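Data block below; observations after.
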Amino acid sequence: MRLEPFNPRFEVTLAIALAEQDLAAGRVDEAYFTLLPLSTTVRGDEQFRDTYRRAVALKWTVDARKAHQQHAREKAGGALDPEDVER
């Protein structure tokens, strides 16, 4: 049996593919957290950069929307009922 040398690009390619699937399915948090660990080590990969930027932008949008919806449920003084808290 012949062992092939480790391909460091494999991990990046796999992360991009998984993140693309998550984004297509609307799972923004999963896509973001799949790419986040590699975001500090991967340099010069345009496909990774584009996918990561898209995941970050979508995550910011989703988080802002949740915050806006939660703010709309606040009562006087900023109080919320426990069932109104987005997790």
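Values in this text are rule-based calculations from the coordinates and carry no lab data. Computed from a predicted model, the values in this text were never measured in an experiment. Reconstructed Cβ throughout: ideal geometry from the backbone, glycine too, with neighbour counts over all protein chains shown.
Taking the highest mean first, how do the peptides 51-59, 27-35 order by number of other beta carbon atoms within 10 angstrom per residue?
27-35, 51-59
So what are the ³J(HN,Hα) numbers for the range 25-42, from phi and the Karplus equation (6.51, -1.76, 1.60; θ = phi - 60°), rounded to whole Hz, Gly and Pro as x?
Each residue's phi maps through the Karplus curve to give 8, x, 8, 5, 4, 4, 4, 4, 6, 6, 8, 4, x, 8, 5, 8, 10, 7 Hz.
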